[in-house]
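Encoded as structure tokens, the structure appears first; notes follow it.
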Amino acid sequence: MITKEMPKLTQYSKASGCGCKADPNALHEILKGLREQCILFPSLLRDASSADDAAVYKLNDDTALLLTTDFFAPAIDNPYDFGRVAAANALSDIYAMGGKPFLALAVMAWPLEKIGAESARETLKGGAQVCEKAGVALAGGHTIEGAEPLFGLCVAGTSPLAHLKTNGGAKHGDILYLTKPVGSGILMSAYRRRLLTSNSEYAYLIDHLTRLNSAGAFFGEFSYVHALTDVTGFGLIGHLLEMCKASQLCAHLNFESIPLMHGVENFITQFVYPDITFRNWKFVEQH
């Protein structure tokens, strides 16, 4: 329970949510050296070269360890809800490979002198609530003083090797199935512009952003599900392009069949979109 009015977190960040992601082209340059280093470890089944959602390390003949880190600046003002959104986003990287998370560590940077410790505590509490819902132990973490608030998790999970899914396993004729409607980036942009005017609109957005993608672990059990990934800061087209490249296939999308979150079409007509939109388009347009 928040005992006093919390500071509006988005006022202290220049980018929100997955809008903090590095430019895809710049990221490609950053990771060049790391990819060369990864080949030294034969038990490392998936590394930075595959653009998958988590690293995968073979523990034995039956089990793989999945490990990911994901954190970002506030997408919303309420610290407790921010913690919930960030935690659900981080856990998604494990589910997106057919795995089940079991352990997490918090990653936090916070401008304590500007906005105080209580907002940081509420953020951590929100993250812990989502971890508890997922059956994941939030065992500790690391916090530093930062110029703007950042929060996320380092998450460990496991998967039977037989159930492990990557973004590179798609086969000709596969159907693309979305477990959630898309458009959260547009709705978050509308939120930052104070265009979400009702409590019900805010509740709808938070419900979608904190809903666990645990279906991924369920889908991983089926041999006829050939590939999995999640859709975050690079959008549907960006993440689908990664899947196409890794699977050496192309994809056909029926625009009318893509499920959109409520209100997205209305905000599109008002030219409301995330700042990262044109950066993403510049990365994918050549394809």
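The values are calculated or read from the model by the stated rules, or taken from the named source; none is laboratory data. Just so you know, these numbers come straight off a predicted model, no measurement behind them. Neighbour counts are summed over all protein chains in view; Cβ atoms, including those assigned to glycine, are modelled from backbone coordinates with ideal geometry. All accessible areas refer to the heavy atoms of the entire protein, side chains included, with ligands and DNA or RNA removed. Shrake-Rupley method; radii C 1.70, N 1.55, O 1.52, S 1.80 Å.
With the gyration tensor restricted to C-alpha atoms of the range 161-287, the semi-axes of the equivalent ellipsoid amount to 28, 19, 12 Å, longest first. Only Lys, Arg, Asp and Glu carry charge here, each on its Cβ (+1 for the first two, -1 for the last two); on that basis the chain has a dipole of about 180 debye about its Cα centre.
Provide the gained length on full extension for the span Lys245 to Val182, in nm with one decimal, where the gain is 0.36 nm per separating residue minus the Cα-Cα distance. Before the final figure, lay out the partial values.
On the way: separation 63, 0.36 × 63 = 22.68 nm, distance 2.16 nm.
Full extension of this stretch gives 20.5 nm more.
Average accessible surface for the range 191-243: 50 Å² per residue, computed with a 1.4 Å probe over protein heavy atoms with every protein chain in place. Share of carbon and sulfur in the accessible area of the range 155-287 stands at 57%, probe radius 1.4 Å. Compactness ratio for the range 189-257: Cα radius of gyration over 2.2 N^0.38 Å (N = residue count) comes to 1.46.
D for the range 60-215, whole µm²/s, Stokes-Einstein with Kirkwood Rh over alpha-carbon pairs at 10 °C and 1.306 mPa s: what number? Calculated translational D: 95 µm²/s. Legend: P(r) of the range 162-221 from all alpha carbon pair distances, 5 Å bins from 0, whole percents, reading 4, 13, 20, 18, 13, 11, 10, 8, 4, 0.
The gain in end-to-end length when the Asn60 to Ala203 segment is fully stretched comes to 47.1 nm, 0.36 nm per residue minus the alpha carbon separation.
Stokes-Einstein, applied to the Kirkwood radius of the range 50-118 over Cα pairs at a viscosity of 1.306 mPa s and 10 °C, places its translational diffusion at 114 µm² s⁻¹.
The spread of Cα positions in the range 125-194, taken along each principal axis and listed from longest to shortest, comes to 48, 36, 23 Å. In percent, rounded to a whole number, the relative contact order of the chain is 23, using alpha-carbon pairs under 8 Å and six or more apart. Across Gly185, Gly169, Gly98, mean-square fluctuation computed from a Gaussian network of the chain (C-alpha pairs under 10 Å connected) peaks at Gly169. Run the Debye formula on the Cα coordinates of the chain, all scatterers equal and no solvent, and tell me log10 I(q)/I(0) at q = 0.08, 0.10, 0.15 1/Å. Debye intensities relative to I(0), on a log10 scale: -0.34, -0.54, -1.25.
The longest part of the chain holding none of the exposed loop GluC sites (Glu not before Pro), meaning those outside H, G, I, E and B in DSSP with at most 13 other Cβ atoms within 10 Å, is 6-220.
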